[in-house]
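Undergrad: Quick one: the structure is below, and I'll ask about it shortly.
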Amino acid sequence: MTPAPPLTPEWVFNLSRRDLLKLLPIAALGALMSETSFAAEEPLTPESLMTTFNNYYEFGFRKSDPARFAVPSSEEEWIISVSGLVKNPLKISLNDAKERFGVRRFVRRMRCVEGWSMNIPWNGFVLGDLLRLAEPENGARYAAFTSQADPSRMPEVRSKSFPFPYREGLRLDEAAHPLTILAVGAYDKDLQPQNGAPVRLVVPWKYGFKYIKAITEITLTAEQPKTTWNDYAPEEYGFYANVNPNVPHPRWPQNEENFIGPEGFERPSRRPTLPFNGYDEVAGLYAGMDLSIWY
Ligand SMILES: Nc1nc2c(c(=O)[nH]1)N[C@H]1C(S)=C(S)[C@@H](COP(=O)(O)O)O[C@H]1N2
Ligand SMILES: [Mo]
C-alpha cells in the first residue's frame with residue numbers, strides 16, 4: 001500500500017473555522033455552510049427502513065436482528081474518552097459535548113460495501129471540534145475508535161462469536177475533515193439503539209463499516225490502528241475503505257448500488273456509484289496515493 005502522505009495535524013487544528021472557510025474549495029464550502037448540498041436535494045431514505053435494516057453484529061448477524069434485539073445502554077451518563085497523543089486527555093459526557101459543540105442537521109449519503117445505499121438526515125456535531133478540544137500532539141497521525149461491548153445487553157458479545165469490541169480508525173486529517181461527524185440522532189430524534197445510540201461515526205465518503213457505533217473511546221496514535229474488519233478479512237476490507245466504483249470487492253461489484261429510497265426496500269433503485277460516494281471535496285486528502293486500490 002502506498003504510504004500515507006505526511007500530515008501536519010498542527011496545521012489542521014490550529015486553523016480557526018473562519019480560516020478554514022477561507023481555504024476550502026467552493027464545493028466543500030457549500031457542504032459546510034448549508035444543507036443545500038446534493039445529498040439534501042436527493043430523496044431521503046424512509047426512517048422506517050433506516051431503523052429496521054441494519055448491520056450491528058453485537059446484536060446479531062441478520063439485517064433484522066438489531067431492530068429486534070438492540071436495547072438502550074444502561075449507562076446513566078455516556079462518557080467518551082479522548083486519549084493517547086493529546087495534550088489534554090478528556091473524559092467528556094455526551095451531554096457536555098452536545099452543549100459545547102451544538103447539534104446540527106447533516107443530510108448525508110451512506111454507501112455499504114454490500115451494495116446498498118441510503119440518504120440519511122443525521123443530527124450531530126463535527127468530530128474535529130472534539131479532537132481540537134483534546135489538543136492533538138504533533139506526533140498524532142491517526143484516530144482509533146472503540147465501540148462499547150457490553151455482554152449484559154449484547155447477545156453476540158456474550159457468545160463471543162466475533163472479535164468484539166468493534167474497532168475502527170481514520171487518519172487524523174480524515175477525522176478532522178468537516179464532513180466527518182459524530183451522530184447523536186437521525187430524523188431529528190435521538191439515535192435508536194440499533195443505529196448505534198447514543199453516538200456513532202459518520203464518514204460519508206467511506207463504506208458503511210467505518211461508521212462505528214456506540215463509541216466509548218477515541219485514541220490518537222502515531223501508527224495506523226488495527227480495525228475489526230481489516231483484521232478479520234484484510235483481502236475484503238481495507239483501512240481506507242473509500243467508496244470507489246472502479247475497484248470491485250471480491251464478493252460485490254462496486255460500480256452500481258441499490259438506493260433504498262421512498263419507494264422502499266422492495267423497490268430499491270439501481271444507480272451508478274460515485275467515487276468518494278460523490279463527496280469529491282475529499283479527493284485532495286489522497287493526493288499522491290494509488291486510487292486504483294479500493295482499500
Ligand atoms: N459497533 C458496530 N458498529 C458498526 C457495525 C457493527 O457491526 N458494530 N456495522 C457497520 C456496518 S457494516 C454498517 S453498513 C453500518 C450500518 O449502520 P446502520 O445499521 O445504522 O445503517 O454500521 C457499521 N458500524
Ligand atoms: Mo456495511
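The values are calculated or read from the model by the stated rules, or taken from the named source; none is laboratory data. All values derive from a computational prediction rather than experimental measurement. When we count neighbours, we look across all protein chains shown, and the Cβ atoms used for this are built from the backbone with ideal geometry, even at glycine. Accessible surface is based on the protein model in full, side chains and every heavy atom, while ligands, DNA and RNA are left aside. Shrake-Rupley method; radii C 1.70, N 1.55, O 1.52, S 1.80 Å.
Undergrad: State log₁₀ I(q)/I(0) for the stretch 153-223 at q = 0.14 Å⁻¹ as given by the Debye formula over alpha-carbon point scatterers of equal weight, solvent excluded.
TA: For the stretch 153-223, the Cα-only Debye profile gives -0.50.
Undergrad: Add +1 for every Lys or Arg and -1 for every Asp or Glu among the other residues with Cβ under 14 Å from the Cβ of TYR286, and state the total. Intermediate results must be reported in sequence, preceding the final value.
TA: Details: positive: ARG171, LYS206; negative: ASP173, GLU174, ASP280, GLU281, ASP290.
With Lys, Arg at +1 and Asp, Glu at -1, the net is -3.
Undergrad: Considering only protein heavy atoms, what per residue accessible area in square angstrom results for the stretch 83-137 with a 1.4 angstrom probe?
TA: On the way: 2050 Å² over 55 residues.
Computed with neighbouring chains in place, this is 37 Å² per residue.
Undergrad: If R0 is 25 Å, what FRET efficiency do you get for GLU236 and PHE61 from their C-beta distance, rounded to 0.05?
TA: 0.95
Undergrad: Going by accessible area, probe 1.4 Å, with all protein chains left in place, what is the ranking of GLU99, GLU217, largest first?
TA: Accessible-area ranking of GLU99, GLU217, largest first: GLU99, GLU217.
Undergrad: I want to verify a result. In a Gaussian network model of the chain, Cα cutoff 10 Å, which of these has the top mean-square fluctuation: LEU285, LEU172, LEU44?
TA: LEU285
Undergrad: State the percentage of accessible surface on the chain attributable to carbon and sulfur atoms; use a 1.4 Å probe and exclude ligands, DNA and RNA.
TA: Of all accessible area on the chain, carbon and sulfur atoms account for 53 percent.
Undergrad: Could you state the per residue volume, in Å³, of the convex hull enclosing the Cα atoms of the stretch 200-264? Don't jump to the answer; show the numbers that get you there.
TA: Working: hull volume 8.5 nm³, N = 65.
It comes to 130 Å³ per residue, whole-number rounded.
Undergrad: Still on this structure, please answer the following. Placing +1 at every Lys and Arg Cβ and -1 at every Asp and Glu Cβ, with all other atoms neutral, what dipole size does the chain have around its Cα centre, in debye to the nearest 20?
TA: Values: 32 positive and 36 negative charges, 31 e Å.
For the chain, the charge dipole is close to 140 debye.
Undergrad: Among the listed pairs LYS87/LYS160; LYS63/LYS210; LYS87/LYS226; LYS160/LYS189; LYS87/LYS189; LYS63/LYS91, which are separated by more than 28 Å between their Cα atoms?
TA: Beyond 28 Å: LYS87/LYS160; LYS160/LYS189; LYS87/LYS189; LYS63/LYS91.
Undergrad: Summing Lys, Arg as +1 and Asp, Glu as -1, what charge do residues with Cβ under 15 Å from the Cβ of VAL247 carry, VAL247 excluded?
TA: That works out to -2.
Undergrad: Here's something else I'd like to know. Using 7 Å Cα-to-Cβ label points, what is the LYS87/THR221 separation (nm, one decimal)?
TA: 2.4
Undergrad: If r is the Cβ-Cβ distance from ALA40 to ARG68 and R0 is 35 Å, what FRET efficiency results, to the nearest 0.05? Walk me through the intermediate numbers first.
TA: Numbers: r = 32 Å, r/R0 = 0.90.
For R0 = 35 Å, the calculated efficiency reads 0.65.
Undergrad: Please work out how much accessible surface MET50 shows to a 1.4 Å probe, ignoring ligands, DNA and RNA, in Å² rounded to 10.
TA: Approximately 10 Å² of MET50 is accessible to the 1.4 Å probe.
Undergrad: If you split all Cα-Cα distances of the chain into 10 Å bins from zero, what percentages do you get per bin, shortest first?
TA: Over the chain, the share of Cα pairs per 10 Å bin runs 6, 29, 39, 23, 3, 0 percent.
Undergrad: Report the label-to-label distance for ASP190 and VAL103 in nanometres (one decimal), using points 7 Å from each Cα along the Cα→Cβ vector.
TA: 0.9
Undergrad: Further question on the same structure: Once the other residues with Cβ under 9 Å from the Cβ of GLY208 are scored (Lys, Arg +1; Asp, Glu -1), what is the net sum?
TA: My count for the surroundings of GLY208 gives +2.
Undergrad: Of TRP116, TRP252, TRP229, which has the largest mean-square fluctuation in a 10 Å C-alpha GNM of the chain?
TA: The residue with the greatest mean-square fluctuation here is TRP252.
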